[in-house]
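The values are calculated or read from the model by the stated rules, or taken from the named source; none is laboratory data. Fair warning: this is a prediction, and the values are worked out from it, not measured in the lab. Cβ sites come from the backbone with ideal geometry, for glycine too, and all protein chains shown count toward neighbours.
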Amino acid sequence: MKPQLKRICVPVFLLLTLAACGGGPSSPTTPSAPQSFLAGTWRGTLTIQPNPTGPQPGTPVSGAVTWTFEVVPQTNLQTFRATIRSENAWLPITLTASTAMIHGNTPPAQISTQGDYDSPRGCRGSFGSFGTADATRIQADVTGVDCPVPFTGTVVLTKD
């Protein structure tokens, strides 16, 4: 090999050899936990019909709502802790509820949510919903009782 070619090839060979090295020992990594399409924050509109079966049902009231779902570990991605923050003027509450995904853990899936909350009217209220969750949209019927006025309604959410 010519000396000039040798001066170029040897450093290039060493550089390529060192570049292939990781620069030190690598430690094993733990696999990341699987995520659910439902996990995360969803925003939309909650429409409430107060006292729907009463002699004079209230006027429906709509307002912004945010639902945040966190997977409960070791539940096959089918059980969630849901934090619901309602800015609906008739039901301005924040509650922590439990959500179950029915028949699998992939979209579209049926979901059911239940929880209790401290009502701004001075009692303990109850809230429930049942609907369908797609990859980026949730549509559900809601029902509950608030001091002791029953209510029904709908919620439509899109994922952030």
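How many of the residues in segment 119-137 are buried (at least 20 other Cβ atoms within 10 Å of the Cβ) and more than 16 Å from residue 97 (Cα to Cα)?
Number of matching residues: 1.
Report yes if residue 41 is surrounded by fewer than 19 Cβ atoms within 10 Å (Cβ to Cβ), out of contact with any helix residue (DSSP H, G or I) (no Cβ under 8 Å at 6 or more places or on another chain), free of Cβ contacts under 8 Å to residues at least 40 places away in the same chain and β-branched (Val, Ile, Thr), otherwise no.
no
Run residue 92 past the list (1) over 20 Å from residue 154 (Cβ atoms); (2) exposed (fewer than 14 other Cβ atoms within 10 Å of the Cβ) and report the number of the one that doesn't hold.
(1)
For segment 121-143: of the residues being over 20 Å from the mean Cα position of the chain (by Cα) and assigned to a strand (DSSP E or B), which is farthest from residue 88 (Cα to Cα)?
124
Tally the residues that are within 12 Å of residue 144 (Cβ to Cβ) and surrounded by 20 or more Cβ atoms within 10 Å (Cβ to Cβ), restricting the search to segment 98-118.
3
Looking at (1) of a type outside the set (A, V, I, L, M, F, W, C); (2) at positive phi; (3) surrounded by 16 or more Cβ atoms within 10 Å (Cβ to Cβ), which one does residue 68 not meet, given that it meets all the others?
(2)
Take segment 144-160 and flag every residue that is at pLDDT 95 or above and either crowded, with 21+ Cβ neighbours inside 10 Å or not in a strand (DSSP E or B) (or both).
Answer for segment 144-160, where residues must be at pLDDT 95 or above and either crowded, with 21+ Cβ neighbours inside 10 Å or not in a strand (DSSP E or B) (or both): 144, 146, 151, 153, 155, 157.
Hey, residue 104 hits all of (1) outside any strand (DSSP E or B); (2) more than 15 Å from the chain's Cα centre (by Cα); (3) at negative phi but one; which does it fall short on?
(3)
Kindly indicate whether any position in segment 60-79 is charged (D, E, K, R) and either without any contact (Cβ under 8 Å) to a residue 24 or more places away in the chain or assigned to a strand (DSSP E or B) (or both).
yes
In segment 80-87, is there at least one residue being of a type in the set (A, V, I, L, M, F, W, C), at pLDDT 95 or above, touching a strand residue (DSSP E or B) at 6+ places or on another chain (Cβ under 7 Å) and not in a strand (DSSP E or B)?
Checked segment 80-87: no residue is of a type in the set (A, V, I, L, M, F, W, C), at pLDDT 95 or above, touching a strand residue (DSSP E or B) at 6+ places or on another chain (Cβ under 7 Å) and not in a strand (DSSP E or B).
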